[in-house]
Amino acid sequence: MEIDDTPVAVVRTAEGKVYAIHDVCSHANVALSEGEVVDGEIECWLHGSTFALATGKPTCLPAVEPVPVYPVKIEGDDVYIAVNVEL
């Protein structure tokens, strides 16, 4: 999805936690949302880099640069994501 022209992947883990992470791999210009989510990490389907959903930091090569993560607020059935916030 895009929010204010920013590509965002919204992920709900098996434990029910919701994360919002930039939907472009920092190593290759591909969508992270097309990759697998396991143990709090999302995997880039192209080269296998993984990123921590909570921090955006790469946890597996070849990516070495983090991707942005965005604050998530849940109110009832609504999910709010702030993409224009300095963290």
Practice task
Tally the residues that are under 11 Å from the mean Cα position of the chain (by Cα) and open to solvent by less than 50 Å² (accessible area, probe 1.4 Å), restricting the search to the stretch 39-57.
Solution key: 8
Practice task
Considering only residues that are in contact with a Leu (Cβ under 6 Å, 6 or more places away or on another chain) and farther than 19 Å from P71 by Cα, look in the stretch 1-38 and name the one that is surrounded by the most Cβ atoms within 10 Å (Cβ to Cβ).
Solution key: V30
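Do any strands (runs of 3 or more DSSP E) lying entirely in the stretch 21-87 carry at least 2 residues that are touching a Pro at 6+ places or on another chain (Cβ under 9 Å) and closer than 20 Å to E2 by Cβ, and which ones are they? Before you say what the answer is, go through the steps one by one.
Working: elements: 41-43, 50-52, 58-60, 72-75, 78-81.
Strands (runs of 3 or more DSSP E) meeting the threshold: 78-81.
The values are calculated or read from the model by the stated rules, or taken from the named source; none is laboratory data. Quantities reported herein were computed from a predicted structural model and do not represent experimental measurements. Cβ: placed from backbone, ideal geometry, glycine included. Neighbour counts: every protein chain shown. Heads up: the accessible areas ignore ligands, DNA and RNA and are worked out on the full protein's heavy atoms, side chains in. Shrake-Rupley method; radii C 1.70, N 1.55, O 1.52, S 1.80 Å.
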